[in-house]
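Would you mind keeping the following structure in view while I ask a few things?
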Amino acid sequence: MKQHLFFDLDGTLSDPMLGITHSVQHALKKYGITVDNLQQLCPFIGPPLQDSFQDFYGFSKEEADQACEYYNEYFLTKGLYENTLYPGMKEFLQLQADKGKTLYVATSKPEQLARQILEYFDIDSYFHYIGGDTMQRTRSAKAKVIRYIMEANGLTDPSAILMIGDRKHDIIGAKEVGIQSVGVLYGYGDRKELTQAGADYIVEDLEELEALLA
């Protein structure tokens, strides 16, 4: 259906629940906030990190920027590897590559960290380009990431690109840039969130996604 497939990372390619929530837990403790139930921190999975500290805990921009630094104290040493590739994902990516599709990663996670995670899972070779935020978090909005990848790869035809992600931010970013999107329900967004964001397609699992892309 589309030549260029853009994949979100967290909640779409892999389940980063433990790594992200432990890192957020670590950062919040620096502000005297204790959260023992990691499920309460799952809303941090997907959106730009600094936005989540502001939206969910009322941090100022300066506090959120500092919280991101505290987050990285844990994430860079432990959280990066507290992550699980979704079952069947490697086979799915291989199938898309075999069909001649060009695969990209479009994540709000800093690009350097995204590359480390993909290398850890040994799936980095499937992707023509891995695009994300900067370590200074100056490109966290998904629309910025998508545009950055398009410009870096000379992609000028939005109709040839499909964004695949699990949260509203993936869908909204795609719409802002003018490309179609698929919301996946096996991640951290639900049908209501993805529908309200305006997903062009919604699939339950990799099998449905594979059928859609056939």
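How many of the residues in the stretch 42-66 are aliphatic (A, V, I, L, M) and closer than 22 Å to Tyr120 by Cβ?
2
Okay, moving on. Only one residue in Gly154, Gly187 is out of contact with any strand residue (DSSP E or B) (no Cβ under 7 Å at 6 or more places or on another chain), surrounded by fewer than 14 Cβ atoms within 10 Å (Cβ to Cβ) and not assigned by TED's automatic domain parsing to the domain that holds Pro47. Which one?
Gly154
May I ask you to list pairs of residues, at least six apart or on different chains, whose Cβ atoms are under 8 Å apart, with the first in the stretch 62-78 being aromatic (Phe, Trp, Tyr) and the second being assigned to a loop (DSSP other than H, G, I, E, B)?
From residues that are aromatic (Phe, Trp, Tyr), the pairs are Tyr70/Lys30.
Please work out if Asp55 is at pLDDT 95 or above, assigned by TED's automatic domain parsing to the domain that holds Ala27 and acidic (Asp, Glu).
Yes.
Examine the stretch 110-121 for a residue that is in contact (Cβ under 8 Å) with a residue 24 or more places away in the chain, within 20 Å of Val145 (Cα to Cα), touching a His at 6+ places or on another chain (Cβ under 7 Å) and in the same structural domain as Lys142 (by TED's automatic domain parsing), and state whether such a residue exists.
So far as the stretch 110-121 goes, no, none of its residues is in contact (Cβ under 8 Å) with a residue 24 or more places away in the chain, within 20 Å of Val145 (Cα to Cα), touching a His at 6+ places or on another chain (Cβ under 7 Å) and in the same structural domain as Lys142 (by TED's automatic domain parsing).
Right, next: List every residue pair whose Cβ atoms lie under 8 Å apart, where the two residues are 6 or more positions apart in sequence or sit on different chains, the first residue falls within the stretch 192-214 and is on the phi > 0 side of the Ramachandran plot, and the second residue, located anywhere, is of a type in the set (Lys, Arg).
Note: pairs meeting the criteria are Gly198/Lys175.
Hey, another quick one. Answer yes or no: is there a residue in the stretch 196-208 that is assigned by TED's automatic domain parsing to the domain that holds Leu9 and touching a His at 6+ places or on another chain (Cβ under 9 Å).
Yes, there is a match, as at least one residue in the stretch 196-208 is assigned by TED's automatic domain parsing to the domain that holds Leu9 and touching a His at 6+ places or on another chain (Cβ under 9 Å).
The values are calculated or read from the model by the stated rules, or taken from the named source; none is laboratory data. Computed from a predicted structure; not experimentally measured. In this analysis, Cβ positions are derived from the backbone assuming ideal geometry, glycine residues included, and neighbour counts consider all displayed protein chains.
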